[in-house]
């Protein structure tokens, strides 16, 4: 099983200083990785957009969700998704399963952190 690099890479991104515009290729890879997380962790189901936006430090409002929906309809997204599906290995090793578990947990934690504002002391 090959893990989408976007899932790990997006967890390391800092706040974008400009308007949010999703990259269709990165979004396609993230979506495939997140689907694996949803299959393993019930609490992650139906929170894909929130998780993706949290990695970019973008609030999951209607405008941001609309941008994701728009990106998912593009030929570039569909091509990237198809290519990523073809490279997936469906025979996971224990090492890859552990890596996926770690990436899912990190992604979920980031999504939860964006939902909970920092407490001022």
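Readers should treat all values here as calculations from the given coordinates under stated rules, not as data from a laboratory. These numbers were taken from a predicted model, which means no experiment stands behind them. Every residue, glycine as well, gets a Cβ built from its backbone with ideal geometry; the counts of neighbours run over all protein chains shown.
Annotations
- Rg and Dmax of the stretch 5-115, based on Cα coordinates, read 13.6, 40 Å.
- Inter-site label distance for residue 35 and residue 101 at 7 Å from Cα along Cβ, in nm: 2.3
- Mean separation of Cα contacts under 8 Å (6+ apart) over length of the stretch 5-115, as relative contact order %: 39
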